[in-house]
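Worksheet: the structure to be examined is printed underneath.
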Amino acid sequence: MKLRTILASLAIALVGCVQAQPQNQLRDDVLLEMQQAFRQGDKAKLAQLLPQAQGHVLEPWAVYWELKNRLETANPAEVQQALARIAGTYQEDRLRNDWLLLLGENRQWDLFAQEYPKFRMRDDREVRCYALLAQSLREGAGTPPEVAEEVRRLWLGQRGAEDGCTSAAAHLVETGHGGRKLTKADAWRKARQAMEAGRTSAVKAAVEIASTPASLKLLNEVNAAPSKFLLSKVTAVSRARRELVGLALIKLATSDVEHAAAQLESKWGPQMNPEERDWVWAVIGHQAALRLDPNADAYYARVKHDKFLSDELLQWKVRAALRAPKGIAWKNILEAVDAMSESAQADPAWTYWRARAVMATAKGGGQLTEAVKLLQGIASPTGFYEQLALEELGQKIDVPAKPAPLTDEEKKAARQDPGLNRALYAISIGLRSEGTREWNYTTNLHTPGGMEDRALLAAAQYACEREVWDRCINTSERTKAEFDAEQRFPMPFREAVIKRSKEIALDPAYVYGLIRQESRFVMNARSGVGASGLMQVMPATARWTAKKLGLPGFHPDQLHDRDTNIAIGTGYLKFVLEDFGGSMPMAAAAYNAGPSRPRNWRNGPVLEGAAWAETVPFGETRDYVKKVVSNATFYAALLTGQPQSLKARLGSVGPRDLAQPEPNAELP
C-alpha cells in the first residue's frame, strides 16, 4: 500500500476519534522536527513548534515531548494542564509515569499519592517501588508483610541500583516493617547477584544496606583486586567478613574459574555457612557453564542445598547437566527445577526438561503420568518447547484450524480505536518507535489485562492490512484461546522469497523463520550494530557475500532494497548452512553471532539439538536459535500442508566430523 494512501486512510479513520484536521499530512514535518528536537534536548525549539502541532493527529506526542524535556523545572499546575490536554492517551500515561518517578526521587509523597491511582500502565518497577515505600512510610509498623515481600521480589529482580527499589529495600531492612520479610540476609544476596553481573554500584548499595562503612572500605579492596584481597586475609569470622570473601571469590570466578574453585576448596569453604558456600560453588558452576567447561556439572555437584540459589543459578545448573561429560545428568535437572520458584517452573523450558528428567528417571507408571501431564500443559504448535512437547507426546506440528471470521463490528472497533490509529499514523511517517510503543500500550495496557482475544485478532488484522507486520504478529501472538496462523506467521514477499530460495536450494520455511525473527518483515529495519533490511545483514558481511555471489557494483545502501536484501541474506545463509553440514541450529547461531562461536560451541559431547540450543552461552543467540528453528518448522507446515517435526530440524550437534571439509576460514 502506498504511503499517501495509508496516510489518507488513517487521517479519515481518526476523524471523530481525536481532534484531526485535513492538513495533518502537510504538518507532519512539524512532528518530525519536534522528535529531533526532543532527542537533542532543544527546549526552545520544542516550545516554538508546539503551537503548530495543535490539532494534529499526533498532537499528544508534541505535548509529551515539550513537557518531558523540562519536567524537572515544570510546576505541578503545568504538568496537570498537559495531562488534561492529552487525557486518555498513551502519552498522558507515559508523562504521568515520568512525573511519578520524579516525585518519588524528590520524596514528594503527597503529590505522588494523588497521582499514582491515575496511573494506568502499572508496568514500571521503580514507580511501584516508590508506591510501596510511600505506603510503608504512611503505615509504619503496620506495614503488611506483602509490601516487604513485593519489594524484595522487585529489588532482587532489578539489575542496577535504581533509587526506588533500593530506597524501599533500605527502609524496610532498617525499620523491620512488613514483618521483617526483608532482611540484611537479602541485602547480601543482592550483593552476590550484582557482583557476578558486574554491577558495582548495585553491590555497593546492597553492602551499604547490609553492613557498616568499614565493609564498604573492604569492598573497594575486593573490587580493585579480588585475588590480592583473598591472599591478604586469613580468617573470616563475622557474617560481613565471610560475605566479603564470598564477593571476592565471585568476582574472581568471573575471570578465573579454576583459581576461585581452588581458593574455595582449600581455604574459604570451611569458614562459610552453608548458604554462602553453596552460592559461591553455584557461581563457579555458572561461570564454568558459560565457558562450556566440562567441569561445570561437577562444580554444581558441590552445592548441597539448591534451595539457597537464585532461579538464574538453577537454570544454569540445568544447562550444565545437559552438557555433563557422561551424558545428561537427569537427577541434577530434577533437583534444579524442583528448587526453582513457581514462576520459573512454569516456564515451558523448565517444564519440558523436568518432564524429560521424570521420564528418564521414572521407576513407575505414576511418574510417567506426571511427565505426560507436564508435557500436555505446554504442548502447542508454536514455540520451541511447546513444539517439542507435542513431539514427546507422539504428535507432529500442524496448522490449527482458523478462528471464526471477524465480525464487521469487531473490525470497526479496531479501525476506530484512537490509539491504534495514532500508532499506525506515527509508523507511516517514520516515527516507528513512538508508534510501536503506543500500539503496545493500546493493546496491552490501556485497559486492565489488555484486550480480549477477539479484539486482539481485530487489531492484528488491522495492522496486517496496513502491512505493519511486526504489530500484526506481536498482537496476534497475545491471544490465549484463539490462534490465527496467517496473522502470527504471515508470508509477505512470498513470490520473491520462494523463488530465491529455490534458486539456491534453500528451504523457504527456514528463510521465513529467520526473517520473522530478524526483522518481523520490516524492510527498513536497522539494528543498533548496523544490520539492515529484512534479513538484517551487516555491511561487511553483505560486501563479502555480494562478491561471492558475483553481484558487481554492490553498495551496502542497496540492502534497503527488498530483492537485494533477500538475495544477499539468503546467499549468506546458504554459505553458513553448508559450512555447518546442513545443521539448522548451528547455521542460525552463526547467522546471529558469527561462525567462529558456534564452531567452538559444538565441541564437547554429542548433544540432541534441543540440549545444544539450550546451552548456547549467549542469551540472545540462544533465544534466536530456538525461535528461528521453531518458526521454520511452523512455516514448513503452512507451506507444505503437511505435519512437521522440530526434532528432525534440530538433529544432533557435536564436534566436526574429520571427514567433513575444513571450515571456511573466509566466512565472516
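The values are calculated or read from the model by the stated rules, or taken from the named source; none is laboratory data. Quick caveat: nothing in here was measured; it's all calculated off a predicted structure. Counting neighbours? That spans all protein chains shown, and the Cβs are built from the backbone with ideal geometry, glycine included. Only protein heavy atoms, including side chains, enter the accessible area calculation; ligands, DNA and RNA are left aside. Shrake-Rupley method; radii C 1.70, N 1.55, O 1.52, S 1.80 Å.
At 0.36 nm per residue, and after removing the present C-alpha to C-alpha distance, how many nm does the segment from E666 to A44 gain when stretched out fully?
Working: separation 622, 0.36 × 622 = 223.92 nm, distance 5.21 nm.
Full extension of this stretch gives 218.7 nm more.
Under 16 Å from a point 7 Å along the Cα-to-Cβ line of D163: which residues of the range 96-131 have their amide N that close?
97-113, 125-131
How do K228, K396 rank by accessible surface area computed with a 1.4 Å probe, from largest to smallest?
Largest to smallest exposure gives the sequence K228, K396.
Quick check: Cα centre of the range 35-106 to Cα centre of the range 439-469, how many Å?
Between the Cα centres of the range 35-106 and the range 439-469 lies a distance of 25 Å.
Among [x] 28.6, 98; [y] 27.5, 79; [z] 25.5, 77, only one was calculated for this model; which label is it, if the read-out is Rg and Dmax of the Cα atoms in Å?
The listed entry that was calculated here is [y].
Put +1 on the Cβ of each Lys and Arg and -1 on the Cβ of each Asp and Glu in the range 549-635; which of N592, A610, G581 then has its Cα farthest toward the positive end of the dipole?
A610
Charges on Cβ only, +1 for Lys and Arg, -1 for Asp and Glu, centred on the Cα centroid of the chain; of I504, W316, L549, which one is farthest towards the dipole's positive end?
W316
Where does the charge balance sit around E452 when Lys and Arg score +1, Asp and Glu -1, over other residues with C-beta under 12 Å from its C-beta?
Cβ neighbours under 12 Å give a net charge of 0.
Spelling out what I want: for every residue of the range 131-145, take phi, set θ = phi - 60°, compute 6.51 cos²θ - 1.76 cosθ + 1.60 (Karplus), and round to whole Hz; glycine and proline get x.
With coefficients 6.51, -1.76 and 1.60, one gets 5, 5, 5, 4, 5, 5, 5, 6, 8, x, 5, x, 4, x, x Hz.
In nm, give the distance between the simple-model label positions of Q80 and K547, each being 7 Å from the Cα along the Cα-to-Cβ direction.
So the label points at Q80 and K547 sit 6.7 nm apart.
What is the extension gain from D347 to N106, computed as 0.36 nm multiplied by their sequence separation minus the C-alpha to C-alpha distance, in nm to one decimal?
82.9 nm
With r as the distance between the Cβ atoms of T447 and Q416 and R0 = 22 Å, compute the FRET efficiency 1/(1 + (r/R0)^6) and round to 0.05. Could the numbers behind the result be given before it?
Working: r = 16 Å, r/R0 = 0.71.
The pair Q416/T447 has a calculated efficiency of 0.90.
Straight-line reach from K411: which lysines fall under 22 Å, measuring Cα to Cα and dropping same-chain residues less than 8 apart?
Straight-distance partners of K411: K2, K402, K480.
Select from L156, G530, S266 the residue farthest towards the positive end of the dipole of the chain; place +1 on Cβ of Lys and Arg, -1 on Cβ of Asp and Glu, and compute about the Cα centre.
S266
Go ahead and run the numbers for FRET between A185 and A648, Cβ-Cβ distance against an R0 of 56 Å, rounding to 0.05.
0.70
Run the helix sum for the chain: -39,500 (n - 2.57) per DSSP H stretch of 4+ residues, divided by residue count, reported at 222 nm to the nearest 500 deg cm²/dmol.
-19000 deg cm²/dmol
When Lys and Arg each count +1 and Asp and Glu each count -1, what net charge do the other residues less than 12 Å away from A87, Cβ to Cβ, add up to?
Net of charged neighbours comes to +2.
Order of 118-130, 573-585 by packing, highest average Cβ count within 10 Å first?
573-585, 118-130
Using label points projected 7 Å from each Cα along Cα→Cβ, tell me how many nm separate H305 and A404, to one decimal.
For H305 paired with A404, the spin-label model returns 5.5 nm.
Which whole-number value in Å² is the accessible area per residue of the chain, probe 1.4 Å?
The answer is 43 Å² per residue.
My understanding is that a pair violates if its Cα-Cα distance is over 23 Å; which of K251/K627; K548/K626; K184/K331; K233/K317; K574/K626; K267/K331 do that in this structure?
Over 23 Å Cα-Cα: K251/K627; K548/K626; K184/K331; K233/K317; K267/K331.
Within 11 Å, Cβ to Cβ, of M340, how many net charges do the neighbouring residues add up to if Lys/Arg are +1 and Asp/Glu are -1?
Surrounding charge for M340 is -4.
What is the gain in length, in nm to one decimal, between V234 and T212 on full extension, counting 0.36 nm per residue of separation less the C-alpha to C-alpha distance?
5.9 nm
Going by amide H atoms built from the backbone, whose H comes under 5 Å of the H on L607, apart from near neighbours?
Those lying under 5 Å, H to H, from L607 are V653, G654.
Say a paramagnetic label sat at a point 7 Å from the Cα of S255, along Cα to Cβ; which residues of the range 194-217 have their backbone N under 20 Å from it?
Counting only backbone N, you get 194-204, 217.
Only Lys, Arg, Asp and Glu count, each charged at its Cβ (+1, +1, -1, -1), so figure out the dipole size of the chain about its Cα centre, rounded to 20 debye.
It comes to approximately 1100 debye.
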